[in-house]
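Student: Once you've had a glance at the structure underneath, I'll fire off some questions.
The values are calculated or read from the model by the stated rules, or taken from the named source; none is laboratory data. Please read these numbers as outputs of a predicted model, since none were measured by experiment. Backbone-built Cβ (ideal geometry, glycine too); neighbour counts: all protein chains shown. Note: areas computed on protein heavy atoms with side chains; ligands, DNA, RNA excluded. Shrake-Rupley method; radii C 1.70, N 1.55, O 1.52, S 1.80 Å.
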Amino acid sequence: MTSHSPVKNRVLLTLVLLLLLAGFGLAFVSHAPNRLVSGKGISLASLLHGYSALLLLPAVLLLICAFLTLYGRNHLVVMLLAEILLTSLVWLAGHSAVQLAGGDEDSIARTSLGGGFWAGAALCLLIASDAISRFTRNHSLRILLNVQMIVPVVLLLAYGQLAQLSLLKEYDNRSDVFNDAVWQHLGILFGTLVPAVLIGLPAGLLCHRKPRWRGPVLSVLNIIQTVPSIALFGLLLAPLAGLAKALPWLAEHGISGIGLAPAIIALVLYSLLPLVRGVIAGLESVPEAVTESARGMGMNRAQVFFRVQMPIALPVILTGIRIVAVQTVGMAMVAALIGAGGLGAIMFQGLLSSALDLVLLGVIPAVLMAVVVDSVFKFAVSILETTRR
């Protein structure tokens, strides 16, 4: 005789229990009289008084959902509960900062987000993501549902509900520097993607059409990929500095041993291996029968490539470009060490001054940028795959 467990969704149950443990076991926020003093942790339990205690309701309902059998659109209920809980956590953090500042907008007191908040927010997103994956297999719809999760948080930001948090105060103090850093980071991203695609596509096509070249090309790119990023930046310093000295016009155009030039060159070199592999895999995914049929219709090599092979291979190639783009967003942070600027400069400045909020001011936008870039490419790939069916 077999016994049936009352738990219907073990993943949801585990995530909710972890959320409650993190929320009540870790400091939710940290309060300090100024940015130079270490903050004192404040638990979530001490903040849940009055109507703030209603924040627990979505968590309790999520716990109940773990014991219910949910089908189809019912999973959206779990997503909405996770979204409400996430919004409530963000609101409570902002509201607590206002209360701890005593309503003084110019207060030098700092309220930082604690480990309990970050763990709770991450687990809310995981709960929602799991519910969305159970609700639909459509990649485009999944992306849209995941993106809308942060809309309430953006609205709280827009209406100034989080202005007293230490992270937002750091932004207010460095808004010009931060905005410049974001544009610099985007410049590094596009400055890497464009030449990488222009080099990687022909190289991948060559390896596909001339198999004897595949081994040597991939071997060289593999060797480049194994070199640590800091080491590669360092290896480029001397040659580029020498070129700038020998050819002054290069220095006039910003090419030197430090700065943007060695960062872009290194990031392009790192991008070539996944790009070339993606092109090879994409072109090899084209059925030979389709290619032969196109040739039988009288198409020349160029027509076969652009009208038949590329449309079929494009989703796989875009997946390779997506990997490169996300990788570049992350590695551009390290490029700040050689004067390339970007969000990495803010992060390292925070590390040097032991200012956690300044570190987060550099890290969080980079993470969001990587997520956005990844989602955009996934959305494009899903659209292409849908139109091909």
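Student: Considering only the range 46-72, state which residues are farther than 30 Å from I132 by Cα and either at pLDDT 85 or above or among the hydroxyl-bearing types (S, T, Y) (or both).
Tutor: Selection gives S46, L47.
Student: Here's something else I'd like to know. Out of curiosity, is I223 part of a helix (DSSP H, G or I), surrounded by fewer than 16 Cβ atoms within 10 Å (Cβ to Cβ) and of a type in the set (V, I, T)?
Tutor: Yes.
Student: Still on this structure, I have one more. In this structure, is S38 free of Cβ contacts under 8 Å to residues at least 24 places away in the same chain and of a type in the set (S, T, N, Q)? It would help to see each step written out before you state the result.
Tutor: On the way: free of Cβ contacts under 8 Å to residues at least 24 places away in the same chain: yes; of a type in the set (S, T, N, Q): yes.
For S38, the condition - free of Cβ contacts under 8 Å to residues at least 24 places away in the same chain and of a type in the set (S, T, N, Q) - is met.
Student: Among residues belonging to the range 111-138 that are hydroxyl-bearing (S, T, Y) and either within 16 Å of the chain's Cα centre (by Cα) or farther than 30 Å from S38 by Cα (or both), point out the one that is modelled with the lowest pLDDT.
Tutor: Filtering the range 111-138 for residues hydroxyl-bearing (S, T, Y) gives 111-112, 129, 133, 136.
Filter once more, so that each one left must be either within 16 Å of the chain's Cα centre (by Cα) or farther than 30 Å from S38 by Cα (or both): 129, 133, 136.
Working: S129: 93, S133: 91, T136: 86.
Looking at the filtered set, the residue picked out is T136.
Student: Any chance the range 207-214 includes a residue that's modelled with pLDDT of 90 or more and open to solvent by less than 80 Å² (accessible area, probe 1.4 Å)?
Tutor: There is at least one residue in the range 207-214 that is modelled with pLDDT of 90 or more and open to solvent by less than 80 Å² (accessible area, probe 1.4 Å).
Student: Continuing with this model, one more query. Conditions first: (1) over 30 Å from G94 (Cβ atoms); (2) surrounded by fewer than 16 Cβ atoms within 10 Å (Cβ to Cβ); (3) more than 21 Å from the chain's Cα centre (by Cα); (4) not basic (K, R). L141 passes all but one, so which condition is the exception?
Tutor: Failing condition for L141: (3).
Student: Which condition number does V177 fail, the rest of (1) crowded, with 20+ Cβ neighbours inside 10 Å; (2) in contact (Cβ under 8 Å) with a residue 60 or more places away in the chain; (3) among the hydrophobic types (A, V, I, L, M, F, W, C) being met?
Tutor: Here V177 meets the rest and fails (1).
Student: Working only within the range 62-76, note down all residues that are within 30 Å of the chain's Cα centre (by Cα) and open to solvent by less than 90 Å² (accessible area, probe 1.4 Å).
Tutor: L62, L63, C65, A66, G72, N74, H75, L76
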